[in-house]
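Have a look at the structure below, then the notes.
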Amino acid sequence: MNLSRFVPKDITGIRFALNVFIGSAILWFLLKDVEDTNPVWAIASMIAASDPQVKEAARMFKARIINVLVGCGVGLFFLIVGGHRDWKLPLALAVTVLISTYLVRITTMWRQAPITAAIVIAAGITHHSKLTGIEHGLHKVGEVLMGCLMGLTVSYLMSRIWQLPEPSKKAVT
């Protein structure tokens, strides 16, 4: 039986699947028993920040971290200053998009900034307490940051164990 026909010539997808498997397993076991933590936030962030090519993973990591910090900062600002108003979330998201788009100008992962602001503000709104909301929002942001760090770490370690050829310059659509 010839098994070579079942193995793809480009193994980048296999390598990425292995990265995702390793990173999600580590995060799941690290976070599943931590109080008030859902490993899915960290796992989703790990997937978004990882790549079989370390240079690409580092680029995604940097863009994601900066946009997470922008979203967290704006979210915390609106939690502290905004009070309990219905307009707080939409206004904070719009402000976050403007800051991310026109001041930070890192277009890769720019959607992460308003997503993070929404996570922080939603935590404050649902807990009906500024302090508890801030604490819960920062906890969720910590999960996202941990996932990003795991994505970069697994990508780096796997590149040391199993090197892939540099991607071709030809665009894939």
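The values are calculated or read from the model by the stated rules, or taken from the named source; none is laboratory data. Keep in mind that what you see is a predicted model, and the values were worked out from it rather than measured. Neighbour counts are summed over all protein chains in view; Cβ atoms, including those assigned to glycine, are modelled from backbone coordinates with ideal geometry. When the accessible area is computed, the model is the full protein with side chains, heavy atoms only, and any ligands, DNA or RNA have been set aside. Shrake-Rupley method; radii C 1.70, N 1.55, O 1.52, S 1.80 Å.
Points to keep in mind about this one:
- Helix-only CD estimate at 222 nm, as mean residue ellipticity for the chain, using -39500 (n - 2.57) per DSSP H run (n ≥ 4): -23500 deg cm²/dmol
- Counted by Cβ distance under 13 Å from Ser159, the other residues give a net charge of 0, where Lys and Arg count +1 and Asp and Glu count -1.
- Remark: the chain carries a charge dipole of roughly 660 debye about the Cα centre, counting +1 on each Lys and Arg Cβ and -1 on each Asp and Glu Cβ.
- Applying the criteria of a DSSP loop state and at most 15 other Cβ atoms within 10 Å to the chymotrypsin sites (Phe, Trp or Tyr not before Pro) of segment 56-129 yields Trp87.
- Residue pairs exceeding 28 angstrom between C-alpha atoms, taken from Lys62/Lys140; Lys32/Lys130; Lys32/Lys88; Lys55/Lys130: Lys32/Lys88; Lys55/Lys130.
- Inter-label distance, Leu91 to Glu56: 4.1 nm, where each label sits 7 Å from its Cα along the C-beta direction.
- Segment 12-96: trypsin sites (Lys or Arg not before Pro) in DSSP loop, at most 12 other beta carbons within 10 Å: Lys32, Arg85
- Counting only protein heavy atoms and a probe of 1.4 Å, the accessible surface of the chain is 68% carbon and sulfur.
- Legend: helices of the chain (whole DSSP H runs) are marked when their alpha-carbon atoms reach 18 angstrom or more along the helix axis and their mean Kyte-Doolittle hydropathy is at least 1.6; marked are 12-31.
- Net charge, Phe61 excluded, C-beta distance under 15 Å - Lys, Arg +1, Asp, Glu -1: +2
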